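Step one of this worksheet: look at the structure below.
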Amino acid sequence: MTASTRFRATMLSLLLGLALVACGKPSPSSAPTPASEKAGEEEHASGEAAHDEEGHGGEGHEEGEAIELSAEAVETAGIVTAPAASRRLRAELETTGSVDFDERRFAHVSPRVGGRVANVPVELGEAVRAGQVLARIDSIELGQSVGDYLQSRARAELARETLEREERLYRERVSSEQEMLSARAASREADAALRGAEERLHLLGISNDEVAKLGYDQPRVSIHEVRAPFAGTIVAKHVTRGEMVEPQSQLFQVADLSSVWVWIDVYERDLARVHLGDGVTVEVDTYPGTSFTGEVVHLGSSVQSETRTARARIEVPNPEGRLRPGMFARVHILDPHASADAPGAVEVIAVPAAAVQRDGDRSIVFVALGEGRFEPRTVKLGRRGEGFVEVLEGVAAGEPVVVEGAFFVKSELAREELGGGHGH
């Protein structure tokens, strides 16, 4: 074979190899993946998916997954369990309402006279004493009224002195009876004018002591002081220094928040279960797990035709000022006239209200499984009464549930769901 012939054969072999690669034929060095290796990869993937489904992949604890706490944690948190038990439960009326000011302890503060605001020594939200100065107003009207009073007082003093002189002269037969009677009439007129001028000052907010201290040479008699009507808190302020105000201007709102009202609507069908003096518990979202006690002090005398409800008012002591007007409230009314043997009472499976915790849009309790393990159970709740709540679904009679320290267990559950790991 010549050199040219060998060259052509080599080129032909190369072209055939390239053609085979282009057609996707496997090269002799390529080996198929054994079936056992494929099965192993599928099993590994399935295991990872199962691991994620168990909650370690971010979905959180599912229903029934228990949380485990050490004996030390259980003791420190004061966790106490008790069995869900059957008991006769008086019906408790549950409704919603809104917190409002106690109108007997609420005031709009306006000036007695018009004028220019000279000084505002208090701020919004400040606690004030009864009679404390809230604002000072420079009033031309007040200055004129003080001037009229001082003139009337001077005329009354002069008329009194004139009458005394005329009476003395009349007794001495120096002046006539007519002159004495005229002086007496003038004195009475002057006294009447003085009383009118003084009464006007009282209407402008000047007290008897302040009137008695007025003098002819007293400076700045035109300053009117706006004072707090009672001890409380400034909940609204609508005045600034230098502005002009009138008697109809509302400068401040002062409220004593040591007591508040809660307004509720009672359906017509429930009116027979609500009475004046009934005990009430009030809960607000701001303070979960905290109840405020009060009583029904007013029950509307009419039913609204559109809603078939009557308005009721609850008075709630609020010494720490935690309840604030405008808050949404959940209200539970327990009829003291009913008893556990009343027709409205029924036997139900119940747990203490403190055992129930809110978890998003569901209610849960923690069932003790022993050895520090607690299982969260979603429960469906029924009626409430006397500190207990009916469990319709989720817990059977006799199962031990956490009745004290449930919030701690819930916090540990949330910590695990946020990736804190299983805390023991």
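Readers should treat all values here as calculations from the given coordinates under stated rules, not as data from a laboratory. Just so it is clear, the model here is predicted, and its values are computed rather than measured. Neighbour counts run over all protein chains shown; Cβ positions are idealised from the backbone, glycine included.
For this structure, a couple of remarks:
- For TYR170, TYR287, TYR216, TYR149, the sequence from fewest to most other C-beta atoms within 10 Å is TYR216, TYR287, TYR170, TYR149.
- Cβ-Cβ FRET estimate between ASP191 and GLU320, R0 fixed at 60 Å, reported to 0.05: 0.65
- Sequence of HIS224, HIS332 once ranked by neighbouring C-beta atoms within 10 Å, starting from the fewest: HIS332, HIS224
- Spatial separation of Cα centroids for segment 68-102 and segment 250-314, in angstrom: 23
- The stretch between GLU371 and ARG330 holds 11.1 nm of extra length on full extension. This uses 0.36 nm per residue minus the Cα-Cα distance.
- Shape of segment 140-221, Cα gyration tensor, a/c cut at 1.5: prolate
- Gain in span if fully extended, TYR287 to LEU169, counting 0.36 nm per residue against the direct Cα distance: 34.1 nm
- Neighbour-count order for LYS410, LYS380, fewest beta carbons within 10 angstrom listed first: LYS380, LYS410
- Over segment 140-221, Cα pairs under 8 Å with separation of 6+ residues give a relative contact order of 44 percent.
- Relative packing of peptides 306-312, 229-235 - highest average C-beta neighbours within 10 Å first: 229-235, 306-312
- Distance (nanometres) between label positions extended 7 Å along Cα→Cβ at ARG184 and ARG308: 7.8
- Taking a ≥ b ≥ c as the square roots of the eigenvalues of the alpha-carbon gyration tensor, segment 258-326 is classed prolate because a/c is 1.5 or more and a/b outweighs b/c.
- Cβ-derived FRET efficiency at R0 51 Å, TRP263 paired with ALA82, nearest 0.05: 0.90
- Segment LEU214-GLN132, extension gain: residue separation times 0.36 nm, minus the distance between their alpha carbons: 27.4 nm
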